[in-house]
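A.B. asks: Attaching a single structure in structure tokens format; questions to follow.
The values are calculated or read from the model by the stated rules, or taken from the named source; none is laboratory data. Note that the coordinates shown come from a computational prediction; the quantities given were computed from them, not determined experimentally. FYI the Cβ positions are ideal-geometry reconstructions off the backbone, even for glycines, and counts take in every protein chain you see. What goes into the accessible areas is simple: the full protein's heavy atoms, side chains included, and nothing from ligands, DNA or RNA. Shrake-Rupley method; radii C 1.70, N 1.55, O 1.52, S 1.80 Å.
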Amino acid sequence: MRAMMVAMEDHRSSKFPELTLSLFQQLKKVFKTETGQPFIFSGSGTGAWEAALTNTLSPGDKVLAPRFGQFSHLWIDLAQRVGLDVMVQDEEWGTGASPERIEDALRADRAHTIKGVLIVHNETATGVTSDVAAIRRVIDAATHPAMLYVDGVSSIASIDFRMDDWRVDLAVTGSQKGLMLPAGLGIVCASAKALAAHKNARCARTFFDFGDQMKANATGYFPYTPSLPMPYGLTESLNILFEEGLSHVFERHQVLADGVRAAVAAWGLRLCAKEPKWYSNTVSAIMVPHGIDGADVIDAAFRRYNLALGAGLSKVSGKLFRIGHLGDLNDLMVLGALAGAEMAMRDVGIGLTLGSGVAAAQAHFRKTIMAKEKKPTEQERFAQTHPEGVFHP
């Protein structure tokens, strides 16, 4: 936030590229790509969705899209509204994209009419993470040329994402999740295959045109006025991520998510995600008991304890609340959120024991921290100082 407190400046000055040129290279490290081309748009993840589709496809093109939550539903809706023919694969909410069904559809498409596969890597509405690597494998197994589009809004910079290894063609994210910034940037990274498709894509676009961006970005500028504070904030957030190290960032998110899941189990509740293989390390969607409205939990948490919990959306409206555990977050911050959630749940009539979830998360965090420190046990310490002695606990 301090980095973003800057005066308005001339974004056409000869000095401006000193800020922007390094951003494109640094973003490639976050996407884990050597050859991908990042684009930074003033907007949101929704704008980045639109940019990814309209720059690489033409009206009437067919795309395959699993739908298993509100955000996969919204991306499908956007694709239809820009003129694409969407082949929807509905999955049960609480599960993710099915590699098997995707492979079947691609094998059946012998004429290769499907031009792209749209995957939401982390479905924020249900706390579900899909296996992008497995989807790449089935695309290859079907020997299908469809491009792979991935929404990484709530996964990139928080959950391991490998654009080159998984040969993702279009990866989409926003500034307000793993990049730890306010909302305001929609970011797309395009593969060489996607940039080649751009040359023949006929969907209408102006503000989101890759061509205009590439011409201006090459020298450190934008084709229009950018949101000036945001590049300063992005520069700092990338520095923070690389200082911690991406592998440690992903490990931290795993630890925090496991702590939340331990709390949910201690409360006697369950996640919306149906199986551990779907569990998200960035958000947990927690089902409330029958007869309880999840919106009441959220309202009590906000009004009484100044705690913002996520709501259930669409099919799961009122059935759950969500705890986000991503970005600029540590163990103690998570414990505060769990404590507030416990109080709000008790306030609306959920009969849990106050402190039970907090204690379970504490135990998990302590165990994890001690394992990292690799502290010797009491018996090991005794042996170091009394090599001939007998230890009596």
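A.B. asks: How far is helix 70-81 tilted off the main Cα axis of the chain, in degrees rounded to 10, range 0 to 90?
C.D. replies: Relative to the chain, helix 70-81 is tipped by roughly 10 degrees.
A.B. asks: Per residue, how much accessible surface does the chain expose to a 1.4 Å probe? Answer in Å², no decimals.
C.D. replies: Per residue, the chain has an accessible area of 45 Å².
A.B. asks: Could you sort the peptides 4-14, 274-284 by per-residue average Cβ neighbour count (10 Å cutoff), highest mean leading?
C.D. replies: Ranking the peptides 4-14, 274-284 by packing returns 274-284, 4-14.
A.B. asks: Suppose a student asked you for the relative contact order of the chain, using Cα pairs under 8 Å spaced at least 6 residues apart; what percent would you report?
C.D. replies: 18 percent
A.B. asks: Further question: Subtracting the Cα-Cα distance from 0.36 nm times the residue separation, let me have the gained length for residue 110 to residue 236 in nm, one decimal.
C.D. replies: Gain on extension, residue 110 to residue 236, equals 40.6 nm.
A.B. asks: Another question, if that's okay. Which lysines does residue 374 reach when only Cα atoms under 19 Å apart count, and residues fewer than 8 places away in its own chain are ignored?
C.D. replies: none
A.B. asks: Could I ask something else about it? To the nearest 10 degrees, how steep is helix 294-305 against the longest Cα principal axis of the chain, on a 0 to 90 scale?
C.D. replies: Between the helix axis and the principal axis of the chain, the angle is about 70 degrees.
A.B. asks: Of the accessible area of region 326-379, with the probe set at 1.4 angstrom, what percent is carbon plus sulfur?
C.D. replies: 56 percent
A.B. asks: So what's the convex hull volume per residue for the Cα atoms of region 199-324, in Å³?
C.D. replies: In region 199-324, the Cα convex hull volume per residue is 224 Å³.
A.B. asks: Could you state the principal axis extents of the C-alpha atoms in region 26-80, from the largest down, to the nearest angstrom?
C.D. replies: Extents along the principal axes, in whole Å: 33, 25, 22.
A.B. asks: At q = 0.14, 0.19, 0.35 Å⁻¹, work out log10 I(q)/I(0) for region 79-118 with the Debye formula, treating every Cα as an identical point scatterer and leaving solvent out; two decimals please.
C.D. replies: -0.37, -0.65, -1.24
A.B. asks: Moving on to the next point. Could you tell me what % of all Cα pairs in the chain have separations over 37 Å?
C.D. replies: That fraction is 29 percent.
A.B. asks: Does anyone have the angle between helix 132-141 and the longest principal axis of the chain? Alpha-carbon axes, 0 to 90°, nearest 10?
C.D. replies: 50 degrees
A.B. asks: Note down the magnitude of the dipole of the chain about its Cα centre, charges +1 on Lys and Arg C-beta and -1 on Asp and Glu C-beta and zero elsewhere, to the nearest 20 debye.
C.D. replies: With Lys and Arg at +1 and Asp and Glu at -1, about 280 debye.
A.B. asks: Output needed for region 1-122: three equivalent-ellipsoid semi-axes, defined as square roots of 5 times the C-alpha gyration tensor eigenvalues, in descending order, whole Å.
C.D. replies: One finds semi-axes of 35, 16, 15 Å for region 1-122.
A.B. asks: Hey, can you grab everything whose amide H is under 5 Å from the amide H of residue 120? Only 5+ residues off in sequence or another chain; H modelled, so Pro and N-termini drop out.
C.D. replies: 151
A.B. asks: Rounded to two decimal places and with Rh computed the Kirkwood way over Cα pairs, what is Rg over Rh for region 328-375?
C.D. replies: Value, to two decimals: 1.10.
A.B. asks: If you roll a 1.4 angstrom probe over the protein chains with everything in place, what fraction of the accessible area of region 91-190 belongs to carbon and sulfur, to the nearest %?
C.D. replies: That share works out to 48 percent.
A.B. asks: DSSP beta bridges in the chain, what fraction antiparallel, as a percent rounded to 5?
C.D. replies: Taking every DSSP beta bridge within the chain, about 55 percent pair in antiparallel fashion.
A.B. asks: Provide the packing ranking of 359-372, 105-118, 147-160, i.e. peptides ordered by the mean count of other C-beta atoms within 10 Å per residue, highest first.
C.D. replies: The most tightly packed comes first, giving 147-160, 105-118, 359-372.
A.B. asks: Can you list the lysines whose alpha carbon sits under 22 Å from that of residue 274, skipping same-chain ones fewer than 8 residues off?
C.D. replies: 315, 319
A.B. asks: Something else now. If I histogram all Cα-Cα distances within region 112-259 using bins 10 Å wide from 0, what percent of pairs lands in each bin?
C.D. replies: Histogram of Cα-Cα distances, whole percents per bin: 10, 34, 36, 18, 2.
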